[in-house]
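Each remark here refers to the structure printed beneath this line.
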Amino acid sequence: MIIVTGAAGFIGYQTAKRLVAEGEKVILVDTLSFFEDRPEHADLIKSPHVVSLISPLELIASKSEVDFAKVDGIIHLGACTDTTEMRVDYLTEVNLEYTKSLWNIATQFQIPFVYASSAATYGAGEHGYVDDESKMSSLKPLNPYGDSKLQFDLWALEEEKKGNHPPIWSGFKFFNVYGFGERHKTKMASVVFQGFEQIGAKGMLKLFKSHKEGIADGEQKRDFIYVEDLVDVLLFAVKGSLKRGIYNLGSGKARSFYDLAKATFKSLGKEPKIEFIDTPVEIRDRYQYFTEADMTKLRNAGYTRPFTSLEEGVSKTVAALVNHAGKSTASQ
(Lines give C-alpha, C1' and ligand atoms only; values in the text may rest on other atoms or scores of the structure.)
Protein backbone atom coordinates (compact mmCIF):
# COMPACT_ATOMS: atom_id res chain seq x y z
CA MET A 1 0.00 0.00 0.00
CA ILE A 2 1.45 3.35 -1.06
CA ILE A 3 0.49 6.86 -0.01
CA VAL A 4 0.49 9.53 -2.72
CA THR A 5 0.13 13.13 -1.58
CA GLY A 6 -1.02 15.75 -4.05
CA ALA A 7 -2.98 12.94 -5.70
CA ALA A 8 -5.53 15.29 -7.25
CA GLY A 9 -2.74 17.31 -8.82
CA PHE A 10 -1.04 16.89 -12.17
CA ILE A 11 1.91 14.67 -11.26
CA GLY A 12 0.22 13.10 -8.26
CA TYR A 13 -2.70 11.93 -10.36
CA GLN A 14 -0.44 10.41 -12.99
CA THR A 15 1.60 8.66 -10.31
CA ALA A 16 -1.43 7.26 -8.49
CA LYS A 17 -3.01 6.21 -11.76
CA ARG A 18 0.10 4.21 -12.68
CA LEU A 19 0.22 2.51 -9.29
CA VAL A 20 -3.44 1.57 -9.56
CA ALA A 21 -2.87 0.20 -13.07
CA GLU A 22 -0.10 -1.98 -11.66
CA GLY A 23 -2.44 -3.36 -9.00
CA GLU A 24 -1.05 -1.45 -6.04
CA LYS A 25 -3.33 -0.34 -3.22
CA VAL A 26 -3.16 3.44 -2.89
CA ILE A 27 -4.17 6.03 -0.31
CA LEU A 28 -4.89 9.33 -2.08
CA VAL A 29 -4.08 12.49 -0.13
CA ASP A 30 -5.22 15.95 -1.22
CA THR A 31 -7.84 18.60 -0.57
CA LEU A 32 -10.97 16.48 -0.87
CA SER A 33 -12.92 18.89 -3.06
CA PHE A 34 -10.18 18.68 -5.70
CA PHE A 35 -11.12 15.07 -6.45
CA GLU A 36 -14.62 16.24 -7.41
CA ASP A 37 -13.70 19.52 -9.09
CA ARG A 38 -11.22 18.11 -11.61
CA PRO A 39 -13.11 15.96 -14.13
CA GLU A 40 -9.90 14.94 -15.92
CA HIS A 41 -9.04 12.91 -12.83
CA ALA A 42 -12.46 11.43 -12.06
CA ASP A 43 -11.53 7.92 -13.22
CA LEU A 44 -8.92 7.50 -10.48
CA ILE A 45 -11.22 7.61 -7.45
CA LYS A 46 -13.46 4.91 -8.96
CA SER A 47 -10.69 2.33 -8.85
CA PRO A 48 -11.16 -0.58 -6.41
CA HIS A 49 -7.43 -0.26 -5.62
CA VAL A 50 -7.97 3.12 -3.95
CA VAL A 51 -8.09 2.42 -0.22
CA SER A 52 -9.19 5.88 0.86
CA LEU A 53 -9.22 9.61 0.12
CA ILE A 54 -7.96 11.77 2.96
CA SER A 55 -6.94 15.39 3.44
CA PRO A 56 -3.31 16.43 4.05
CA LEU A 57 -3.98 17.36 7.67
CA GLU A 58 -5.78 14.09 8.36
CA LEU A 59 -2.70 12.21 7.18
CA ILE A 60 -0.34 13.76 9.73
CA ALA A 61 -2.84 14.14 12.59
CA SER A 62 -1.78 12.61 15.90
CA LYS A 63 -4.75 10.28 15.67
CA SER A 64 -4.53 9.60 11.96
CA GLU A 65 -6.69 6.71 10.80
CA VAL A 66 -3.90 5.51 8.51
CA ASP A 67 -2.18 2.35 9.71
CA PHE A 68 1.37 3.33 8.83
CA ALA A 69 2.64 -0.11 9.79
CA LYS A 70 0.96 -1.40 6.64
CA VAL A 71 2.30 1.34 4.32
CA ASP A 72 5.02 0.27 1.86
CA GLY A 73 5.93 3.72 0.57
CA ILE A 74 5.15 7.43 0.63
CA ILE A 75 5.40 9.50 -2.54
CA HIS A 76 5.08 13.11 -1.46
CA LEU A 77 4.04 15.38 -4.33
CA GLY A 78 1.63 17.71 -2.53
CA ALA A 79 2.89 21.30 -2.34
CA CYS A 80 2.30 24.88 -3.34
CA THR A 81 3.95 24.93 -6.77
CA ASP A 82 3.17 28.53 -7.69
CA THR A 83 6.54 30.13 -8.44
CA THR A 84 4.95 33.58 -8.11
CA GLU A 85 3.75 32.95 -4.54
CA MET A 86 5.47 35.50 -2.31
CA ARG A 87 4.01 34.57 1.11
CA VAL A 88 7.07 33.09 2.77
CA ASP A 89 5.15 31.97 5.88
CA TYR A 90 2.65 30.07 3.76
CA LEU A 91 5.35 28.35 1.71
CA THR A 92 7.26 27.49 4.87
CA GLU A 93 4.19 25.83 6.36
CA VAL A 94 3.02 23.98 3.25
CA ASN A 95 6.26 23.07 1.50
CA LEU A 96 8.76 22.81 4.34
CA GLU A 97 7.14 22.00 7.68
CA TYR A 98 4.56 19.60 6.23
CA THR A 99 7.28 17.67 4.40
CA LYS A 100 9.28 17.45 7.62
CA SER A 101 6.23 15.87 9.28
CA LEU A 102 6.01 13.20 6.59
CA TRP A 103 9.75 12.54 6.75
CA ASN A 104 9.45 11.95 10.50
CA ILE A 105 6.50 9.60 10.03
CA ALA A 106 8.44 7.65 7.39
CA THR A 107 11.40 7.49 9.76
CA GLN A 108 9.31 6.33 12.72
CA PHE A 109 7.56 3.58 10.78
CA GLN A 110 10.52 2.73 8.51
CA ILE A 111 8.69 3.56 5.27
CA PRO A 112 10.47 4.31 1.98
CA PHE A 113 10.04 8.03 1.28
CA VAL A 114 10.18 9.84 -2.06
CA TYR A 115 9.54 13.56 -2.39
CA ALA A 116 9.48 16.34 -4.97
CA SER A 117 12.15 18.99 -4.82
CA SER A 118 12.54 21.42 -7.74
CA ALA A 119 14.95 22.76 -10.33
CA ALA A 120 13.91 26.17 -8.98
CA THR A 121 16.47 25.51 -6.23
CA TYR A 122 19.21 26.20 -8.80
CA GLY A 123 18.17 29.83 -9.24
CA ALA A 124 19.80 31.43 -12.27
CA GLY A 125 22.10 28.45 -12.67
CA GLU A 126 25.25 30.34 -11.70
CA HIS A 127 26.52 27.16 -10.01
CA GLY A 128 25.33 24.90 -12.82
CA TYR A 129 22.71 22.15 -12.65
CA VAL A 130 24.67 19.31 -11.08
CA ASP A 131 22.95 17.47 -8.21
CA ASP A 132 26.03 17.50 -5.97
CA GLU A 133 24.76 17.35 -2.40
CA SER A 134 27.96 18.87 -1.01
CA LYS A 135 27.30 22.09 -2.95
CA MET A 136 23.56 22.52 -2.40
CA SER A 137 24.01 24.98 0.46
CA SER A 138 25.55 27.45 -2.01
CA LEU A 139 22.49 27.53 -4.28
CA LYS A 140 20.49 30.76 -4.54
CA PRO A 141 16.86 30.31 -5.69
CA LEU A 142 15.23 33.23 -7.47
CA ASN A 143 11.93 33.05 -5.57
CA PRO A 144 10.46 31.95 -2.22
CA TYR A 145 9.03 28.79 -3.80
CA GLY A 146 12.49 27.61 -4.85
CA ASP A 147 13.87 28.54 -1.46
CA SER A 148 11.20 26.47 0.34
CA LYS A 149 12.23 23.45 -1.68
CA LEU A 150 15.94 24.03 -1.11
CA GLN A 151 15.43 24.42 2.63
CA PHE A 152 13.89 20.97 2.84
CA ASP A 153 16.70 19.41 0.79
CA LEU A 154 19.24 20.87 3.20
CA TRP A 155 17.21 19.83 6.25
CA ALA A 156 16.93 16.25 4.96
CA LEU A 157 20.68 16.00 4.47
CA GLU A 158 21.27 17.27 8.02
CA GLU A 159 18.73 14.82 9.46
CA GLU A 160 20.45 11.99 7.65
CA LYS A 161 23.75 12.94 9.27
CA LYS A 162 22.01 12.68 12.66
CA GLY A 163 20.74 9.19 11.81
CA ASN A 164 17.13 10.42 11.63
CA HIS A 165 15.95 9.26 8.22
CA PRO A 166 13.68 6.75 6.45
CA PRO A 167 15.25 3.40 5.48
CA ILE A 168 15.10 4.39 1.81
CA TRP A 169 14.67 7.97 0.70
CA SER A 170 15.15 10.18 -2.33
CA GLY A 171 14.27 13.70 -3.39
CA PHE A 172 13.97 14.77 -7.02
CA LYS A 173 14.63 18.19 -8.45
CA PHE A 174 11.86 18.30 -11.03
CA PHE A 175 12.61 20.33 -14.12
CA ASN A 176 9.78 21.47 -16.45
CA VAL A 177 7.19 18.70 -16.40
CA TYR A 178 4.45 18.54 -19.03
CA GLY A 179 1.71 16.09 -20.00
CA PHE A 180 -2.01 15.47 -19.69
CA GLY A 181 -3.90 16.70 -16.62
CA GLU A 182 -2.70 20.28 -16.12
CA ARG A 183 -5.92 22.21 -16.63
CA HIS A 184 -6.36 23.08 -12.96
CA LYS A 185 -2.89 24.67 -12.83
CA THR A 186 -4.13 27.62 -14.95
CA LYS A 187 -1.25 30.12 -15.31
CA MET A 188 1.27 27.58 -13.98
CA ALA A 189 0.38 24.94 -16.59
CA SER A 190 2.98 24.10 -19.21
CA VAL A 191 3.20 25.88 -22.55
CA VAL A 192 1.89 22.69 -24.17
CA PHE A 193 -1.45 22.96 -22.38
CA GLN A 194 -1.64 26.73 -22.65
CA GLY A 195 -0.73 26.50 -26.32
CA PHE A 196 -3.40 23.87 -26.94
CA GLU A 197 -6.00 26.17 -25.40
CA GLN A 198 -4.81 29.31 -27.16
CA ILE A 199 -4.49 27.67 -30.57
CA GLY A 200 -7.95 26.18 -30.23
CA ALA A 201 -9.48 29.52 -29.28
CA LYS A 202 -7.52 31.98 -31.42
CA GLY A 203 -5.34 29.97 -33.78
CA MET A 204 -2.16 31.36 -32.26
CA LEU A 205 0.11 31.03 -29.22
CA LYS A 206 1.80 33.61 -27.01
CA LEU A 207 5.39 33.32 -25.76
CA PHE A 208 7.45 35.69 -23.64
CA LYS A 209 9.91 37.99 -25.34
CA SER A 210 13.52 37.75 -24.32
CA HIS A 211 14.78 40.54 -22.09
CA LYS A 212 18.35 39.31 -22.08
CA GLU A 213 20.94 40.38 -24.63
CA GLY A 214 22.11 37.60 -26.92
CA ILE A 215 18.98 35.46 -26.51
CA ALA A 216 16.30 35.79 -29.19
CA ASP A 217 12.58 35.84 -28.44
CA GLY A 218 11.38 32.29 -27.82
CA GLU A 219 14.91 30.94 -27.48
CA GLN A 220 14.78 30.81 -23.69
CA LYS A 221 15.54 27.18 -22.93
CA ARG A 222 14.31 24.76 -20.33
CA ASP A 223 14.69 21.06 -19.66
CA PHE A 224 11.23 19.71 -20.48
CA ILE A 225 10.39 16.24 -19.17
CA TYR A 226 7.32 14.21 -20.11
CA VAL A 227 5.27 13.28 -17.05
CA GLU A 228 5.21 9.54 -17.82
CA ASP A 229 9.03 9.49 -17.73
CA LEU A 230 8.99 11.26 -14.39
CA VAL A 231 6.55 8.73 -12.95
CA ASP A 232 8.81 5.90 -14.12
CA VAL A 233 11.62 7.35 -12.01
CA LEU A 234 9.45 7.92 -8.93
CA LEU A 235 8.29 4.29 -8.93
CA PHE A 236 11.84 3.09 -9.55
CA ALA A 237 12.84 4.98 -6.41
CA VAL A 238 9.99 4.10 -4.05
CA LYS A 239 10.32 0.40 -4.81
CA GLY A 240 13.86 0.42 -3.45
CA SER A 241 16.07 0.74 -6.52
CA LEU A 242 17.57 3.95 -5.09
CA LYS A 243 18.74 3.77 -1.49
CA ARG A 244 19.13 7.47 -0.73
CA GLY A 245 19.95 10.87 -2.14
CA ILE A 246 18.80 13.98 -3.98
CA TYR A 247 18.67 13.70 -7.76
CA ASN A 248 17.94 15.81 -10.80
CA LEU A 249 14.92 14.73 -12.77
CA GLY A 250 14.76 16.17 -16.26
CA SER A 251 15.36 14.90 -19.77
CA GLY A 252 18.98 16.03 -19.69
CA LYS A 253 18.56 18.21 -22.77
CA ALA A 254 17.51 21.86 -22.86
CA ARG A 255 15.08 22.86 -25.59
CA SER A 256 13.64 26.25 -26.47
CA PHE A 257 10.10 27.41 -25.84
CA TYR A 258 9.93 27.98 -29.59
CA ASP A 259 10.70 24.27 -30.14
CA LEU A 260 7.90 23.39 -27.73
CA ALA A 261 5.49 25.73 -29.50
CA LYS A 262 6.36 24.32 -32.94
CA ALA A 263 5.80 20.77 -31.70
CA THR A 264 2.39 21.76 -30.33
CA PHE A 265 1.30 23.30 -33.62
CA LYS A 266 2.59 20.30 -35.55
CA SER A 267 0.67 17.89 -33.30
CA LEU A 268 -2.49 19.86 -34.12
CA GLY A 269 -1.72 19.84 -37.83
CA LYS A 270 -1.32 23.63 -37.99
CA GLU A 271 1.35 26.05 -39.12
CA PRO A 272 3.05 27.96 -36.27
CA LYS A 273 1.60 31.38 -35.49
CA ILE A 274 3.34 32.88 -32.49
CA GLU A 275 3.01 36.28 -30.81
CA PHE A 276 5.77 37.44 -28.48
CA ILE A 277 4.67 39.41 -25.43
CA ASP A 278 6.61 41.18 -22.68
CA THR A 279 7.55 39.07 -19.69
CA PRO A 280 5.61 40.54 -16.74
CA VAL A 281 7.74 43.02 -14.83
CA GLU A 282 6.99 41.35 -11.50
CA ILE A 283 8.72 38.10 -12.55
CA ARG A 284 11.26 39.44 -15.04
CA ASP A 285 14.15 39.54 -12.58
CA ARG A 286 13.37 36.02 -11.34
CA TYR A 287 12.94 34.40 -14.76
CA GLN A 288 15.19 31.47 -15.65
CA TYR A 289 16.57 31.69 -19.18
CA PHE A 290 18.23 28.29 -19.22
CA THR A 291 17.91 25.03 -17.31
CA GLU A 292 19.34 21.64 -18.15
CA ALA A 293 19.51 18.71 -15.77
CA ASP A 294 22.79 16.89 -15.41
CA MET A 295 21.45 13.34 -15.25
CA THR A 296 24.78 11.60 -14.61
CA LYS A 297 24.05 10.85 -10.95
CA LEU A 298 20.73 9.10 -11.60
CA ARG A 299 22.19 7.16 -14.53
CA ASN A 300 25.14 6.04 -12.41
CA ALA A 301 22.69 4.95 -9.71
CA GLY A 302 21.22 2.42 -12.14
CA TYR A 303 18.35 4.14 -13.94
CA THR A 304 18.89 3.35 -17.62
CA ARG A 305 15.50 3.81 -19.29
CA PRO A 306 15.57 6.42 -22.10
CA PHE A 307 13.50 9.59 -21.87
CA THR A 308 10.76 10.53 -24.33
CA SER A 309 11.75 13.09 -26.96
CA LEU A 310 10.10 16.50 -26.79
CA GLU A 311 8.28 15.96 -30.07
CA GLU A 312 6.91 12.56 -29.06
CA GLY A 313 5.88 13.73 -25.61
CA VAL A 314 4.08 16.78 -26.98
CA SER A 315 2.32 14.62 -29.57
CA LYS A 316 1.07 12.24 -26.86
CA THR A 317 -0.05 15.13 -24.68
CA VAL A 318 -1.96 16.85 -27.46
CA ALA A 319 -3.59 13.57 -28.48
CA ALA A 320 -4.80 13.06 -24.88
CA LEU A 321 -6.14 16.64 -24.75
CA VAL A 322 -7.99 16.21 -28.04
CA ASN A 323 -9.45 12.89 -26.87
CA HIS A 324 -10.61 14.39 -23.56
CA ALA A 325 -12.13 17.39 -25.33
CA GLY A 326 -14.02 15.05 -27.61
CA LYS A 327 -15.41 13.06 -24.67
CA SER A 328 -16.46 16.26 -22.89
CA THR A 329 -18.29 17.49 -25.96
CA ALA A 330 -20.00 14.15 -26.47
CA SER A 331 -21.26 14.10 -22.86
CA GLN A 332 -22.88 17.51 -23.10
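The values are calculated or read from the model by the stated rules, or taken from the named source; none is laboratory data. Source: prediction; values computed, not measured. Note that we place each Cβ from the backbone using ideal geometry, even for glycine, and neighbour counts take in every protein chain shown.
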Checklist entry - Do we find that PHE10 is under 17 Å from ASP232 (Cα atoms), touching a residue at least 24 places away in the same chain (Cβ under 8 Å) and of a type outside the set (Gly, Ala, Ser) in this structure? => result yes
Checklist entry - So how many residues does segment 58-91 have that are more than 21 Å from the chain's Cα centre (by Cα) and either without any contact (Cβ under 8 Å) to a residue 40 or more places away in the chain or assigned to a loop (DSSP other than H, G, I, E, B) (or both)? => result 11
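Determine whether segment 215-223 contains at least one residue that is within 15 Å of the chain's Cα centre (by Cα) and either within 20 Å of LEU249 (Cβ to Cβ) or crowded, with 18+ Cβ neighbours inside 10 Å (or both). I'd like the intermediate steps shown before the answer.
Here is the first cut: in segment 215-223, the residues within 15 Å of the chain's Cα centre (by Cα) are 222-223.
Among the residues that remain, those that are also either within 20 Å of LEU249 (Cβ to Cβ) or crowded, with 18+ Cβ neighbours inside 10 Å (or both) are: 222-223.
Within segment 215-223, one or more residues are within 15 Å of the chain's Cα centre (by Cα) and either within 20 Å of LEU249 (Cβ to Cβ) or crowded, with 18+ Cβ neighbours inside 10 Å (or both).
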Checklist entry - Taking segment 256-294, which residues are farther than 21 Å from ALA325 by Cβ, among the aliphatic types (A, V, I, L, M) and part of a helix (DSSP H, G or I)? => result VAL281, ILE283
Next on the checklist: I want to confirm something. Restricting to segment 92-145 and keeping residues that are β-branched (Val, Ile, Thr) and assigned to a loop (DSSP other than H, G, I, E, B), which single residue is farthest from TYR287 (Cα to Cα)?
Outcome noted: ILE111
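Take PHE35 and decide whether it is farther than 23 Å from GLY171 by Cβ and aromatic (Phe, Trp, Tyr). Write out each step before concluding.
On the way: farther than 23 Å from GLY171 by Cβ: yes; aromatic (Phe, Trp, Tyr): yes.
Yes: the conditions hold for PHE35.
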Item to check | Pick from segment 165-196, criterion in contact with a Leu (Cβ under 6 Å, 6 or more places away or on another chain) and under 24 Å from PRO39 (Cα atoms), ranking: surrounded by the most Cβ atoms within 10 Å (Cβ to Cβ) | outcome: GLY195
Checklist entry - Of the residues that make up segment 29-52, is at least one within 17 Å of the chain's Cα centre (by Cα) and not in a helix (DSSP H, G or I)? => result yes
Item to check | Residues located in segment 2-32, provided they are surrounded by fewer than 16 Cβ atoms within 10 Å (Cβ to Cβ) and modelled with pLDDT of 90 or more | outcome: ALA21, GLU22, GLY23, THR31
